[in-house]
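K.L.:
My questions all concern the structure below.
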């Protein structure tokens, strides 16, 4: 496979092969690194993303560069990354360096300006995050933390939180996730069986709602047999 090595020119087919190999190699790398690096970039994840993106980009755009060196370099980097993750899980000093503890931004309604500077965020950004949590006043915040992943965790003061059934001593039904039994006009028989229902029952419920199966975008059913239908609009 000469297209792995640097060439004076590559054909369209060889460029395509490089792209395919680069894509699947990155998929394998992401799988090896785990879901944490996908869902939330931490310090080491961010460094890895920058390095891998830069390394794979060059051979995919410059025919004079081979892919062997890039793939080897990325393999070594992933090995170092996984070793670093293992070490941070088992050695506390290294963990504090790579994954530092959260920074307190607000405590009992008091903003710590010195900590804002340490986290490198402005008061305006902090207030914007509070508004996302439906908190218009920082004095209503019991605790706000700047997490290592770059997010802000907000805990409202208990006296400003809405009442729950538990606060009022009321019994509440357990949480139940409705099951999707119809999606884009197709019946999911496996999910329907888990609800203890059959296809005949489902079609009857759809008929009662004056809907047609082919027109249903999604339909869900609870354990109690309550069906919710959303049609194409």
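K.L.:
One residue is enough: does region 158-170 have a residue meeting the conditions loosely packed, with under 10 Cβ neighbours inside 10 Å, in a loop (DSSP other than H, G, I, E, B) and within 26 Å of the chain's Cα centre (by Cα)?
P.N.:
Within region 158-170, the subset loosely packed, with under 10 Cβ neighbours inside 10 Å is 158-159, 162-164, 166, 168-170.
If we keep only those that are in a loop (DSSP other than H, G, I, E, B) too, we end up with 162-164, 166, 168-170.
Checking the rest, the ones that are also within 26 Å of the chain's Cα centre (by Cα) come to none.
Looking for residues that are loosely packed, with under 10 Cβ neighbours inside 10 Å, in a loop (DSSP other than H, G, I, E, B) and within 26 Å of the chain's Cα centre (by Cα), one finds none in region 158-170, hence no.
K.L.:
Right, another one. With respect to the numbered conditions (1) more than 30 Å from residue 201 (Cα to Cα); (2) at pLDDT 90 or above; (3) crowded, with 16+ Cβ neighbours inside 10 Å, which one is the sole condition not fulfilled by residue 181?
P.N.:
(1)
K.L.:
Same structure, new question: For the structure I just gave you, tell me whether residue 229 is surrounded by 11 or more Cβ atoms within 10 Å (Cβ to Cβ), touching a helix residue (DSSP H, G or I) at 6+ places or on another chain (Cβ under 6 Å) and outside any loop (DSSP other than H, G, I, E, B). Lay out the reasoning, then the answer.
P.N.:
Working: surrounded by 11 or more Cβ atoms within 10 Å (Cβ to Cβ): yes; touching a helix residue (DSSP H, G or I) at 6+ places or on another chain (Cβ under 6 Å): no; outside any loop (DSSP other than H, G, I, E, B): yes.
Spelling it out, it is not the case that residue 229 is surrounded by 11 or more Cβ atoms within 10 Å (Cβ to Cβ), touching a helix residue (DSSP H, G or I) at 6+ places or on another chain (Cβ under 6 Å) and outside any loop (DSSP other than H, G, I, E, B).
K.L.:
Could you tell me how many of the residues in region 87-105 are under 19 Å from residue 139 (Cβ atoms) and either at pLDDT below 85 or part of a helix (DSSP H, G or I) (or both)? Show your work before the answer.
P.N.:
So the first thing to find is which residues in region 87-105 are under 19 Å from residue 139 (Cβ atoms), and the list is 104-105.
Those still in the list that are either at pLDDT below 85 or part of a helix (DSSP H, G or I) (or both) too: none.
The number of residues fulfilling the criteria is 0.
K.L.:
May I pose another question? Before we move on, is residue 65 modelled with pLDDT under 90, out of contact with any strand residue (DSSP E or B) (no Cβ under 7 Å at 6 or more places or on another chain) and part of a loop (DSSP other than H, G, I, E, B)?
P.N.:
Working: modelled with pLDDT under 90: yes; out of contact with any strand residue (DSSP E or B) (no Cβ under 7 Å at 6 or more places or on another chain): yes; part of a loop (DSSP other than H, G, I, E, B): yes.
Yes, satisfied.
K.L.:
Condition (residue is under 16 Å from residue 232 (Cβ atoms), loosely packed, with under 13 Cβ neighbours inside 10 Å and out of contact with any strand residue (DSSP E or B) (no Cβ under 7 Å at 6 or more places or on another chain)) applied to region 196-210: is it met by at least one residue?
P.N.:
Yes; the residues of region 196-210 include at least one that is under 16 Å from residue 232 (Cβ atoms), loosely packed, with under 13 Cβ neighbours inside 10 Å and out of contact with any strand residue (DSSP E or B) (no Cβ under 7 Å at 6 or more places or on another chain).
K.L.:
Next question. Residues in region 106-154 that are closer than 25 Å to residue 88 by Cα and assigned to a helix (DSSP H, G or I): how many?
P.N.:
So the count comes out to 3.
K.L.:
Name every residue in region 184-214 that is in contact (Cβ under 8 Å) with a residue 12 or more places away in the chain, part of a helix (DSSP H, G or I) and touching a helix residue (DSSP H, G or I) at 6+ places or on another chain (Cβ under 8 Å), in order of residue number.
P.N.:
Passing the criteria: 192, 199, 202, 206, 213.
The values are calculated or read from the model by the stated rules, or taken from the named source; none is laboratory data. Because the structure is predicted, anything quoted here is derived from the model rather than measured. Reconstructed Cβ throughout: ideal geometry from the backbone, glycine too, with neighbour counts over all protein chains shown.
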